Structure formats: structure tokens, C-alpha cells
Amino acid sequence: MEKPAAAPTKIKLSITDQLAVERTHLANERTFLSYFRTSLALLAGGVTILRLDVLSRIEPWGYVFLVIAPIVLSIGLWRFFAVKKRIREHTLTE
């Protein structure tokens with residue numbers, strides 16, 4: 001019979017470590033915003049290509065951009081919450 005996993009011990013972080021954790025949180029948010037900005041640019045580019053008659057030769061690219069935009073946003077959201085969870089797991093503080 002397996003023993004239940006022991007609860008992780010809580011430790012008090014030094015001010016340097018607390019600041020490092022905050023920088024990691026901010027970096028995670030910046031990365032998510034980059035994914036969001038890229039998704040928005042792809043969406044805007046796709047709509048622009050589809051709406052302008054001058055760009056009718058590259059109309060298929062407009063549809064490609066419209067399909068890729070939500071995929072990029074989904075990847076960004078998934079990554080944001082996965083990293084947030086890992087940060088929380090590795091920084092158990094009192």
C-alpha cells in the first residue's frame with residue numbers, strides 16, 4: 001500500500017525571492033499580452049484582406065488569418081494558466 005503524499009511544507013521567502021516571483025508573474029502576463037496582440041493583428045489582417053477589393057488575389061490568406069487568430073489566442077490562454085499554476089505550485093509561502 002502506498003503512503004499518501006506529504007503536504008508540501010510552507011517556507012518564508014526572502015524579499016529577493018518574493019521580488020523574483022513577482023517578476024515571473026509580470027513576465028507571464030507580458031507573454032500572454034503578446035499572444036493576445038498577435039491574435040488581434042491576425043484577426044484585423046484577415047478582416048482587412050477580406051473586405052478590400054484591391055486584395056482579392058490574396059483572399060484565401062484572409063481566411064487563413066481568421067482561422068489562426070483564435071488558435072493563437074487559445075494557446076496564449078492555455079500557456080498563461082499553465083505557467084500561473086506552476087508558479088503557484090513552486091512558490092508556497094506562508
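No lab work stands behind these numbers, since they all come straight from the coordinates. The model shown is predicted, which means the values in this text are computed figures rather than measured ones. Note that we place each Cβ from the backbone using ideal geometry, even for glycine, and neighbour counts take in every protein chain shown.
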Neighbours of Phe65 by Cβ distance under 13 Å: Lys/Arg at +1, Asp/Glu at -1, summed charge 0
Equivalent ellipsoid, the chain (semi-axes from 5 times Cα gyration tensor eigenvalues, Å):
44, 17, 5
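Restricting to DSSP H runs of at least four residues, report the calculated mean residue ellipticity at 222 nm for the chain, -39500 (n - 2.57) per run over all residues, nearest 500 deg cm²/dmol. Please report the intermediate quantities before stating the final value.
Values: 2 runs with 69 residues, N = 94.
When only DSSP H runs of four or more count, the value is -27000 deg cm²/dmol.
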Helix 15-51: inclination vs the chain longest Cα principal axis, degrees, rounded to 10, gives 20
Could you work out how much longer the chain between Ile58 and Ala44 gets when fully extended? Use 0.36 nm per residue separation minus the Cα distance between them, nm to one decimal.
3.6 nm
If the only charges are +1 at each Lys and Arg Cβ and -1 at each Asp and Glu Cβ, what is the size of the charge dipole of segment 28-90 around the Cα centre, to the nearest 20 debye?
380
Over segment 28-90, what is the relative contact order in percent, taking alpha-carbon pairs closer than 8 angstrom and at least six residues apart?
44
